[in-house]
Structure formats: structure tokens, C-alpha cells
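Presented below is the structure to which this report refers.
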Amino acid sequence: MSIADNVKQVRQNIENRQSETAVTLIAVTKSVGVDVANALYVEGVRDFGENRPEGLLEKVNAMPSDAKFHFIGSLQTRKVRQVIDHVAAIHSLDRLSLAEEIDKRSDRVIDCFVQVNVSGETSKHGLEKEEVIPFIENCRQYRHIRVIGLMTMAPFTEDEGVIRETFRALRELRDRVAANRFEHAPCNELSMGMSNDYELAIEEGASFVRIGTVLVQ
């Protein structure tokens, strides 16, 4: 299938699964070049996900100005300054040292997702569930941080029950955070779901899905 066909199919799947929650498609372009990213842009995609500063900057400099870039990988503190002026959102806030550096390097409020390791897998980054609310409370001190939601990755498994439980747990945690009505952390969004499980994520409340393989293969 062509990129045009892939985008059409993914959009149709999103439309079929979403209910009252609007879903933003983030095309993960970390493993492809500018030509493929531009082909996605031609098909109407405007949100792109990168996990390395170098890849993000390459595409920022080569793509139309209305393309939005989301940093979706683990962000090293020393590399914040490279990306901070170019991101629409950071999906991997997971420690106060990173929040402090974002706050120091930015001259505007940065939308952030707190990354949560819901599954407890040692291979995954993120906070434990019980750490999330205290962490978000501590982010109050950083005036350039706005926590708009939570992010997680489900285990790579064919067991839909396990995947759903991971996404459902993040949604329930998001609701608990939002109930606090933190001024700096409205926490209304959920960034969850990738190529292999985004339809389940949408059914469980995802508002941002990060899709690479099925768009560009």
C-alpha cells in the first residue's frame, strides 16, 4: 500500500473507534527521512513524533512551518536546549531534573505528558503509578511546565486483555490527577497506543496516538 492508502486506512480506523474523545494522530517519523515525512504531510498529517534531537531538527528545518513536532523519546537533560524551541509537546517527562531544565531553557509554557510505567517492565522508562501525583505536585514550581496529560506504552503482547488493562489503568490515573484541578496540570489528555495497539488505546480513551510502522511500511 502507498503512504496515501496507509494514512486513509489509519484515519478510518481512528474514526471507527473514537467516541466523544477527539484523537490526534502523531506520525512517528523517527526511522524515516524527510521525504517520507513530507509525503505524510501531503496527505494532511500535521503532527510528527521524533525521539532524537538530530532527527527532529532535520525535519523542522526541511518541512513546512505548520508541521508540529512532538518529542516522544527519553529526553536527556543536556539535550533539552536543542529541541525546546521546536516542540509542540514533550511526551516523556519523567523526572524533576528534566522539568527543571525545560523550565530553565524555555521562554514559553511547554505542554508535557508525564510518562508512566504502568506495566512495571524494567525495559520501559517512566514513573510508577503511585509516584505520579506527588511528582505533578512538585512540578508546580516550574512556571514553564504545563502537564496536559499522561503517556504510557503497553506491553508488546497479543493478549488484548493485558493491553486494555494497561490503558485503562492510565485513564483511571489521569482522572485522579485531573480531579485535583491543579492549575499547572489540567491533565485532560492521554498519549497511548502505537501501530500494534492504537485501536484498543482509542477505545480506552486515548486522545493522542503515536503511529509509525503502519503509516510508512
If you go through segment 14-37 one residue at a time, how many are out of contact with any Ser or Thr (no Cβ under 8 Å at 6 or more places or on another chain) and closer than 19 Å to R164 by Cβ?
6
Go through segment 185-198 and give me each residue that's buried (at least 17 other Cβ atoms within 10 Å of the Cβ) and over 14 Å from the mean Cα position of the chain (by Cα).
A185, D197
Taking first residues from segment 141-168 that are at pLDDT 95 or above and second residues anywhere that are assigned to a loop (DSSP other than H, G, I, E, B) and loosely packed, with under 12 Cβ neighbours inside 10 Å, the pairs with Cβ under 7 Å that are 6 or more apart or on different chains are H144/R108
Any idea which residue in segment 20-36 is surrounded by the most Cβ atoms within 10 Å (Cβ to Cβ), counting only those that are part of a loop (DSSP other than H, G, I, E, B), among the aliphatic types (A, V, I, L, M) and at pLDDT 95 or above?
V23
Could you grab me the full set of residues in segment 196-205 that are touching a helix residue (DSSP H, G or I) at 6+ places or on another chain (Cβ under 7 Å) and touching a residue at least 60 places away in the same chain (Cβ under 8 Å)?
E199, I202, E203, G205
Residue count, segment 132-173 (criterion: surrounded by 18 or more Cβ atoms within 10 Å (Cβ to Cβ), among the β-branched types (V, I, T) and not in a helix (DSSP H, G or I))
4
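Conditions tested, residue by residue: (1) surrounded by fewer than 19 Cβ atoms within 10 Å (Cβ to Cβ); (2) not in a loop (DSSP other than H, G, I, E, B).
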site	(1), (2)
G55	no, yes
E58	yes, yes
L75	no, no
R81	yes, yes
H86	yes, no
Going by the conditions given, is F48 crowded, with 18+ Cβ neighbours inside 10 Å and farther than 22 Å from K124 by Cα?
no
Residue list for segment 160-217, filter: of a type in the set (D, E, K, R) and within 24 Å of A39 (Cβ to Cβ):
E199, R210
Qualifying residues in segment 94-131 (those that are of a type in the set (V, I, T) and either surrounded by 13 or more Cβ atoms within 10 Å (Cβ to Cβ) or within 19 Å of the chain's Cα centre (by Cα) (or both)) - the one farthest from F69 (Cα to Cα):
V118
So which residues in segment 204-213 are on the phi < 0 side of the Ramachandran plot and buried (at least 17 other Cβ atoms within 10 Å of the Cβ), if there are any at all?
E204, A206, S207, F208, V209, R210, I211, G212
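Taking only segment 120-159 into account, find how many residues are among the small types (G, A, S) and within 20 Å of R181 (Cβ to Cβ).
So the answer is 1.
The values are calculated or read from the model by the stated rules, or taken from the named source; none is laboratory data. On a predicted model such as this, the values are computed, not experimentally measured, just so you know. Every residue, glycine among them, receives a Cβ derived from its backbone with ideal geometry; neighbour counts consider all protein chains shown.
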